[in-house]
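I have placed the structure first, in the form of structure tokens, so that the comments after it can refer back to it.
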Amino acid sequence: MIEIKNVTKKYGEKKALDNVSFKVEDGDIFAFIGHNGAGKTTLIKSIVGIHDFDEGDILIDGMSIKDNPVECKKLMAFVPDNPETYEHMKAIDYINFICDMYETPTEIREENIKKYAKLFEMEDKLNDTIDSYSHGMKQKIVLISALSHNPEILIMDEPFVGLDPKAVYDIKEVLNEMTKEGKIVFYSTHILDVAEKLCSRVAIIKSGKLVKSGSMKEIKGDKSLEKVFMELEK
């Protein structure tokens, strides 16, 4: 479980997050949506321990990210909106570097690297340096790196940007498989029709404040998620 408890984050006098609270349960595919600058990335980076925050707490399986950062991070993988890697490295070396950080056993990593490289059609490109890749290929390598160490919680910021239609379909299948195993997927997105079809729960943030949170059915009722979002943005 991820529990966001009264989290406030300030930049000077501006509150990027204003007393935000909600829970993400095991087995959820959870969509986090809001306009540009609403606070989505700030909260995501707080969850994964990149940003500190001024008030409140974030619990990962009951552990505070502030008090137990290493233990919390061991449970998570993070896919940022921009695929930031060590571009001078070969892709296979970068993936193994990430697996080394998580102390992933050789047998597990080899099986997963083979599985996800085949899925994302990157098998014959793993020995190329990352700086030779397109944006979408870099995104695939970040996804393979994140999935290869078998995270219990997958955190993603706009994960579908730059991916081709087949890769989008494939990653949606992977996310469904993960949650069937009781794992958590939490991601921000502007692609609301995909979120509506894929996600079991959703939270909507506006100007740093949480305005809606609950099951997808509860939030949208007999409307589309896009319609609900646009009404809240007025």
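The values are calculated or read from the model by the stated rules, or taken from the named source; none is laboratory data. The model shown is predicted, which means the values in this text are computed figures rather than measured ones. Please note: Cβ atoms are built from the backbone with ideal geometry, for glycine as well, and neighbour counts cover all protein chains shown. The protein model used for the area step is the full one, side chains on, heavy atoms only, and it has no ligands, DNA or RNA in it. Shrake-Rupley method; radii C 1.70, N 1.55, O 1.52, S 1.80 Å.
Considering only helices (runs of 4 or more DSSP H) fully contained in region 1-117, which possess at least 3 residues that are open to solvent by 80 Å² or more (accessible area, probe 1.4 Å)?
The helices (runs of 4 or more DSSP H) meeting that bar are 69-74.
State all residues of region 151-178 that are open to solvent by less than 20 Å² (accessible area, probe 1.4 Å) and in a helix (DSSP H, G or I); if no residue qualifies, say none.
First, pick out the residues of region 151-178 that are open to solvent by less than 20 Å² (accessible area, probe 1.4 Å): 151, 153-157, 159-160, 167, 170-171, 174-175, 178.
Once the filter is applied, which keeps residues that are open to solvent by less than 20 Å² (accessible area, probe 1.4 Å) and in a helix (DSSP H, G or I), region 151-178 yields A167, D170, I171, V174, L175, M178.
Pairs please, first residue from region 212-234 and open to solvent by 70 Å² or more (accessible area, probe 1.4 Å), second anywhere and at pLDDT 95 or above and not β-branched (V, I, T), Cβ atoms under 6 Å, 6+ apart in sequence or on different chains.
As it stands, the answer is none, since no pair meets every condition given.
For region 53-68, give me each residue that is under 25 Å from N82 (Cβ atoms) and either touching a Ser or Thr at 6+ places or on another chain (Cβ under 7 Å) or touching a residue at least 24 places away in the same chain (Cβ under 8 Å) (or both). Before you say what the answer is, go through the steps one by one.
Within region 53-68, the first condition is being under 25 Å from N82 (Cβ atoms), and the residues that meet it are 53, 58, 60, 65.
Listed by number, the residues that qualify are F53, I58, I60.
Which pairs do you get when a residue that is assigned to a strand (DSSP E or B), found in region 192-208, comes within reach of a residue that is buried (at least 19 other Cβ atoms within 10 Å of the Cβ) and among the basic types (K, R), reach meaning Cβ atoms under 7 angstrom, with the pair 6+ apart or on two chains?
Pairs found: I205/K40.
Suppose we keep only residues that are over 13 Å from the mean Cα position of the chain (by Cα) and aliphatic (A, V, I, L, M) within region 152-173. Which one would you say is modelled with the lowest pLDDT?
L163
If I filter region 117-131 for residues that are under 21 Å from I153 (Cα atoms) and in contact (Cβ under 8 Å) with a residue 40 or more places away in the chain, do I get at least one hit? Don't jump to the end; show me each part of the working.
As a first pass, look at region 117-131 and keep what is under 21 Å from I153 (Cα atoms): 117, 119-120.
Keeping just the survivors that are in contact (Cβ under 8 Å) with a residue 40 or more places away in the chain gives 119-120.
Yes: one or more hits.
I'd like the full set of residues that are touching a residue at least 60 places away in the same chain (Cβ under 8 Å) and more than 10 Å from G208 (Cβ to Cβ), limited to region 1-28.
Scanning region 1-28 gives M1, I2, S21, F22, V24, E25, D26, G27, D28.
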